[in-house]
Amino acid sequence: MKKIVILGGGTAGTMMANKLANALDKEEWVITIVDKHRTHYYQPGFLFIPFGIYNERDVTKPKSSFFPAGIKVLYTSIDKVDAENKKVQLEGGKVLPYDFLIIATGTQTRPDETPGLKEELWYKDIFDFYTIEGALALQKHFKRWNGGKLVMAITEIPYKCPVAPLEFVFLAEEFFTKKGMRDKVDITIVTPMSGVFTKPIATKMLSELLNEKNINVVADFYIERIDNDKKTLVSYDEREVEFDTLTIIPVNMGDEMVNRSGLGDELNFAFTDKHTLKHRDHDNIFVLGDAANIPTSKAGSVAHFASEILFDNLMNAIDGRPLTAHFDGHANCYIETGYGMGALIDFNYETEPLPGTFPLPGIGPFGLLKNTKINHYGKIMFRWIYWHLLLKGKELPVEADMTMAGKKRVTF
C-alpha cells in the first residue's frame, strides 16, 4: 500500500483529505491525517463573538464529522519530519512512513513573542479574538465596559485573515453606536503597514470608510512591547499609543514542528514554491494553507483555491508527470463594514483588488470594492458553505485562478 500523510486537520488538511479520498483507489492508497486537536473551529466566526452575534456553538464542530470514511486519523502531536527518510516522527516515538506528505499545520498566535503582552492585563484589558478563549473573554468584557480608548493593534506581518482587524473596528463602531455609547468610545487601529491594507486602491477605499466612521489610524507603528502599568503600546522608535481596552493580533507563527524538521523559515512557515505548492527542497512534500510561506494572504479562500492546484500537482507527481498546475495567489475576502453592509476584494500575486462585479461580469451579484448589503449576505452565507461544501472538498462555482472579467482597471 502507498501512503499519503496529511499533517494538520484544519481547513486545508480536511479539504485535501476529502479530495484525495474521492480520487484515489482505496485498495492501493492509505491516507492518514494527523492532528492533536479533535475540535474544528470556524475561525472567521471568531470575529462575531465579541459582539454577541455568534457564540461558541456557532463556530464549533467535531473534526471527525468532516473527515472522509476510510482514512486513518491520529489525534496526536507531531515531533518532526524526517524528510530524507520519508518518515514522520510522532509524540511517544511512533513513526509514520509516507510516499507523499502534505504539510497543512496552519499558523498559531504567539502572544509570548511580544514583551508585556501576556502579563497581568491579559484577558482583563488586553484580548485577542483569534482564539476561542480570547473571543469569549472579550465578549464578557464588552458587556460591562463603560467606554474609553479602544485600540485594535497588529503586531507583525504576516497574520491570518488580513482584513479581520478592519472588520473588528467596523463592527465595534456599530456595536457601541447601538448601545448608545459611541461618544464614549475612541476607536483606533494601529498597524505596522503604511496604510490599512497592503494595496493602494483598496487602502484608499477602506481609509475613506474608516474616516466616515471616525475611526483613527496609526500607521508604520512597529510594536516593541506593551507597558501594562501605563497601559500603552510602545514602538521600536519609542512612540506610544494609550489604551483602556486593547484588542491585538499577536505575532503569527507556523508550527514548531516545521522548525524542528528544518523545513521552514524563521517564522516556522514551510518553504513553498508559490506556483506548484511543492516544498522547495523535497519533491514528495507539498504545503497548503497558512503553513506555506507563499506571498499571499493567509486566508481560507487561499487554502481553497490553492487546494485545487495542489490536488492536480499531487496527481501529476503520483503519475510521474511534470507539475503543470500553477497557483496564481488568488485570494477573495468579504469585509464586514457594519450595519448589515460589506465590501469584497478579489486579487492575486500580480493584481491588486480592483472595482467591478463578482463572480459574473456585469451581473455580480457581489460588488468589488463596494459597500453593499449583498456583500454582507455573502459573508454570512459563507458559514453554511464552509461547513457543508468547502470542508468536504466539493466543487464551488468560483475558479481557482483569478479572472479579470468584470474588473475595472484603475490608475492610482
> Restricting attention to region 202-209, does a residue exist that is assigned to a loop (DSSP other than H, G, I, E, B), touching a residue at least 12 places away in the same chain (Cβ under 8 Å) and of a type in the set (A, V, I, L, M)?
Replying inline: no
> Can you find even one residue in region 29-37 that is more than 30 Å from Gln139 (Cα to Cα), touching an Asp or Glu at 6+ places or on another chain (Cβ under 9 Å), open to solvent by 10 Å² or more (accessible area, probe 1.4 Å) and assigned to a loop (DSSP other than H, G, I, E, B)?
Replying inline: no
>> Just to check your reading of the model, which residue among Ile132, Ile71 is touching a helix residue (DSSP H, G or I) at 6+ places or on another chain (Cβ under 8 Å), β-branched (Val, Ile, Thr) and more than 24 Å from Arg383 (Cβ to Cβ)?
In response: Ile71
> Which of the following residues is open to solvent by 10 Å² or more (accessible area, probe 1.4 Å), at pLDDT below 95, over 18 Å from Ile126 (Cβ atoms) and hydrophobic (A, V, I, L, M, F, W, C): Phe175, Phe197?
Replying inline: Phe197
> How do the pairs read when you match residues in region 324-340 that are free of Cβ contacts under 8 Å to residues at least 24 places away in the same chain with residues anywhere that are not in a strand (DSSP E or B), using Cβ under 7 Å and keeping only pairs 6 or more apart or on different chains?
Replying inline: Thr324/Asn316
> List, please: which pairs have Cβ atoms under 7 Å, are six or more places apart or on different chains, and start with a residue in region 275-289 that is under 14 Å from Asp99 (Cα atoms) and end with one that is of a type in the set (Asp, Glu) and modelled with pLDDT of 95 or more?
Replying inline: Asn284/Asp99
> In region 298-322, how many residues are buried (at least 24 other Cβ atoms within 10 Å of the Cβ) and among the small types (Gly, Ala, Ser)?
Replying inline: 4
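This table checks each residue for (1) part of a helix (DSSP H, G or I); (2) surrounded by 21 or more Cβ atoms within 10 Å (Cβ to Cβ); (3) in contact with a strand residue (DSSP E or B) (Cβ under 7 Å, 6 or more places away or on another chain).
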position: Phe327; (1), (2), (3): no, yes, no
position: Ala343; (1), (2), (3): no, yes, yes
position: Ile385; (1), (2), (3): yes, no, no
position: Lys394; (1), (2), (3): no, no, no
position: Val398; (1), (2), (3): no, no, yes
position: Asp401; (1), (2), (3): no, no, no
> Of the residues Ile78, Ile132, which is among the β-branched types (Val, Ile, Thr) and under 22 Å from Pro158 (Cα atoms)?
Replying inline: Ile132
> Under the condition of being of a type in the set (D, E, K, R) and within 28 Å of Gln139 (Cα to Cα), which residue from region 47-81 is least open to solvent (accessible area, probe 1.4 Å)?
Replying inline: Lys63
> In region 111-129, what residues are β-branched (Val, Ile, Thr) and part of a loop (DSSP other than H, G, I, E, B)?
Replying inline: Thr114
> Does Leu390 fit the bill of being buried (at least 19 other Cβ atoms within 10 Å of the Cβ) and under 30 Å from Phe67 (Cα atoms)?
Replying inline: yes
>> Quick test of your reading of the structure: Pro158 fulfils all but one of (1) open to solvent by 30 Å² or more (accessible area, probe 1.4 Å); (2) over 22 Å from Phe269 (Cα atoms); (3) in contact (Cβ under 8 Å) with a residue 40 or more places away in the chain. Name the failing condition by number.
In response: (2)
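Residue-wise test of (1) out of contact with any strand residue (DSSP E or B) (no Cβ under 7 Å at 6 or more places or on another chain); (2) farther than 17 Å from Gly52 by Cα.
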site	(1), (2)
His141	no, no
Leu150	no, yes
Ala153	no, yes
Glu167	no, no
Phe175	yes, no
>> For region 210-246, give me the residue count where each residue is surrounded by 15 or more Cβ atoms within 10 Å (Cβ to Cβ) and part of a helix (DSSP H, G or I).
In response: 1
>> Pull out all pairs, ordered by first then second residue, where Cβ-Cβ is under 9 Å, the residues are six or more apart or on different chains, the first lies in region 387-408 and is at negative phi, and the second is open to solvent by 40 Å² or more (accessible area, probe 1.4 Å) and basic (Lys, Arg).
In response: Trp387/Lys61; His388/Lys394
>> Every residue in region 306-325 that is outside any helix (DSSP H, G or I) and in contact with a strand residue (DSSP E or B) (Cβ under 8 Å, 6 or more places away or on another chain), please.
In response: Leu323
> Taking region 277-293 as the region of interest, how many residues are surrounded by fewer than 21 Cβ atoms within 10 Å (Cβ to Cβ) and out of contact with any Phe, Trp or Tyr (no Cβ under 7 Å at 6 or more places or on another chain)?
Replying inline: 2
>> I'd like the full set of residues that are part of a strand (DSSP E or B) and more than 26 Å from Glu208 (Cα to Cα), limited to region 357-383.
In response: Leu360
> So which residues in region 75-93 are in a strand (DSSP E or B) and touching a Ser or Thr at 6+ places or on another chain (Cβ under 6 Å)?
Replying inline: Lys80, Val81, Leu90
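For (1) touching a Ser or Thr at 6+ places or on another chain (Cβ under 7 Å); (2) β-branched (Val, Ile, Thr), each residue gets a yes or a no:
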{"site": "Val5", "(1), (2)": "yes, yes"}
{"site": "Asn22", "(1), (2)": "no, no"}
{"site": "Thr32", "(1), (2)": "no, yes"}
{"site": "Asp35", "(1), (2)": "no, no"}
{"site": "Glu56", "(1), (2)": "no, no"}
{"site": "Ser64", "(1), (2)": "no, no"}
{"site": "Pro68", "(1), (2)": "no, no"}
{"site": "Phe100", "(1), (2)": "no, no"}
{"site": "Thr105", "(1), (2)": "no, yes"}
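The values are calculated or read from the model by the stated rules, or taken from the named source; none is laboratory data. Owing to the predicted nature of the structure, the values given are computational and were not obtained by experimental measurement. Please note: Cβ atoms are built from the backbone with ideal geometry, for glycine as well, and neighbour counts cover all protein chains shown. For the accessible areas, the whole protein counts, side chains as well, though only heavy atoms, and no ligand, DNA or RNA atoms are used. Shrake-Rupley method; radii C 1.70, N 1.55, O 1.52, S 1.80 Å.
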